[in-house]
2 protein chains.
Amino acid sequence: MIVAVTSADDVRIAAFRDVRERDLVGRGSGFMAEGEVVLRLLARHMARTGAAGAGHRLEALLISQRQADRLAGLLASLPDDLPAYVAPQAVMDDISGFPIHRGVLALGRSHPARDAGALLDALGPRAVVVAALGITNHDNMGGIFRNAAAFGAGAVLIDRASCDPLYRKAIRVSVGASLTVPFARVADAGALLDLLAARGFAALALSPSGAERLADVVPPARVAALFGTEGPGLPADILARTRTVAIPMARDFDSLNVATTCGIVLHHLAQAGRVD
Amino acid sequence: MIVAVTSADDVRIAAFRDVRERDLVGRGSGFMAEGEVVLRLLARHMARTGAAGAGHRLEALLISQRQADRLAGLLASLPDDLPAYVAPQAVMDDISGFPIHRGVLALGRSHPARDAGALLDALGPRAVVVAALGITNHDNMGGIFRNAAAFGAGAVLIDRASCDPLYRKAIRVSVGASLTVPFARVADAGALLDLLAARGFAALALSPSGAERLADVVPPARVAALFGTEGPGLPADILARTRTVAIPMARDFDSLNVATTCGIVLHHLAQAGRVD
């Protein structure tokens, strides 16, 4: 439902105001997604399942006039009860508090927090999940979800120390994947390992000091790949309880970004485990 | 050589002033590196080769008092003719124009632009090089260099449309790798392919539409992996002249970050090509 808006003070778009300030304060169970690519992804999900990604819900769009003209077909395909507020670019920048280059903002309400055990139970006998522990950087979190989506991981589990995958920047960096891959929080790494063991998931802990070389790993049917923070990595007590896996690197530069590491691992698990 | 500085107006540290403004204006052949990890990397290179990375030169350091105390051993290991200006954190923030959380800045002079052909000639009979075309995002450029260093690529070739690997943020994201992996610019992709062919480098062009699956690629002895911009990717005329390689992805989410893609490819080439 297209709704023309001509003033930044229009109360109907108050929820889009001061994007950056609200990033800091938090949106509770709300989230903000940006850009055409992400909106297309969510529209595909809505067409198929009724939900914008993994059970989330879109509540309103704010779109620049130029983008609304360009994306008329996409907007027409959206549910009619989803308001798409269309504003001149200047009004849009005024509302958000900074120039919105992409001209597409979407506000939504996230699925209630999931139970990690239930999430694992819903996966099939062959499944890959990602576990991210202590990931506090939204770029890395977004990158991890992007890889999880690209390589068909069934879920992402994160600990309490990790940042919010539905933070605006994390959604953007994930190209929407943090909205489409279901995730759940666990209390800590110990609880995670108990949960995985109880459901027959082999835990592979990535570490530069890992005992096995990634390229030699034959993927177990149900497998979880664990990633820790850059720098310190996964704690020693976790490494002691898991199969530890290393990615061989140059002697004088053994440093990979954690999201890149995740991509390398998921690619290996997908390819080495593939049934042609 | 430790030099105490007590005022942001001290002319000896004028080159460190207004870091962000100078990012925009450019530093000519100068570069600015940040953080302890990068400084340690450059110090190791200087101890071994006299140069800070791939032929670059450090000219001066600006370090907060707290970091200077903590890194006394590292500073003592540096050449005595390299001035390390030590300032209280407040003075340091005042000079740079923003709070320098890491408290370590290094100014340097880059090696004169290299000739791509000469760079390839200097590599051995088994070598991997990365070619990045149209990479305009400094995070991606930094990530590509970090992967190149981690997996021992011999060089990075970039086209004129790509951004500067020695831009401050690119150095930071690369964790210093853009200073240690030698690179050269080529005019365009056509010139790159000619250059590679003349030196016996097989060109593998990464593309979602690639004919070969990455996991099936047996690494040629001399090989160049080509990466294009996210979104459009490598141009069709380049794909027509190269072996095209795909990374299989989920049907509804075929989107990987270009630096992550680079990491996946370099890991495969290193592992599939290894001689145990």
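The values are calculated or read from the model by the stated rules, or taken from the named source; none is laboratory data. On a predicted model such as this, the values are computed, not experimentally measured, just so you know. Here the Cβ is made from the backbone with ideal geometry for all residues, glycine too, and neighbour counts use every protein chain on show.
Side notes on the structure shown:
- Within segment B:48-62, not a single residue is outside the structural domain of B:F183 (by TED's automatic domain parsing), modelled with pLDDT under 90 and farther than 30 Å from A:L256 by Cβ.
- Single unsatisfied condition, A:A15 versus (1) within 23 Å of the chain's Cα centre (by Cα); (2) of a type in the set (G, A, S); (3) loosely packed, with under 15 Cβ neighbours inside 10 Å: (3)
- A Cβ distance below 7 Å, combined with a sequence gap of six or more or placement on separate chains, defines the contacts here; from segment B:43-55, residues that are away from chain A (no Cβ under 12 Å) and in contact (Cβ under 8 Å) with a residue 24 or more places away in the chain reach residues that are surrounded by 19 or more Cβ atoms within 10 Å (Cβ to Cβ) and small (G, A, S) in the pairs B:M46/B:A52; B:A52/B:G108.
So that you can scan it fast, the table gives a plain yes or no per residue for (1) over 14 Å from A:C262 (Cα atoms); (2) of a type outside the set (G, A, S):
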position: A:R109; (1), (2): yes, yes
position: A:G117; (1), (2): yes, no
position: A:G124; (1), (2): yes, no
position: A:V130; (1), (2): no, yes
position: A:L157; (1), (2): no, yes
position: A:S162; (1), (2): yes, no
position: A:L166; (1), (2): yes, yes
position: A:F183; (1), (2): yes, yes
position: A:A187; (1), (2): yes, no
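- The single condition among (1) touching a residue at least 60 places away in the same chain (Cβ under 8 Å); (2) under 30 Å from A:L39 (Cβ atoms); (3) hydroxyl-bearing (S, T, Y) that A:T229 does not meet is (2).
- Selection count where residues are under 19 Å from B:L58 (Cα atoms) and out of contact with any strand residue (DSSP E or B) (no Cβ under 6 Å at 6 or more places or on another chain), scope segment B:1-17: 5
- Taking segment B:256-276 as the range and being more than 9 Å from chain A (Cβ to nearest Cβ), out of contact with any helix residue (DSSP H, G or I) (no Cβ under 6 Å at 6 or more places or on another chain) and in contact (Cβ under 8 Å) with a residue 40 or more places away in the chain as the test, the residues that pass are B:V265, B:L269, B:G273.
- Of the criteria (1) crowded, with 23+ Cβ neighbours inside 10 Å; (2) within 11 Å of chain A (Cβ to nearest Cβ), which one B:G152 fails: (1)
- Residue check for A:D115: acidic (D, E) and under 19 Å from the mean Cα position of the chain (by Cα): yes
- Across segment B:227-255, the qualifying residues are those that are more than 18 Å from A:A272 (Cβ to Cβ) and among the hydrophobic types (A, V, I, L, M, F, W, C), and the one among them that is nearest to the other protein chains (Cβ to nearest Cβ) is B:F253.
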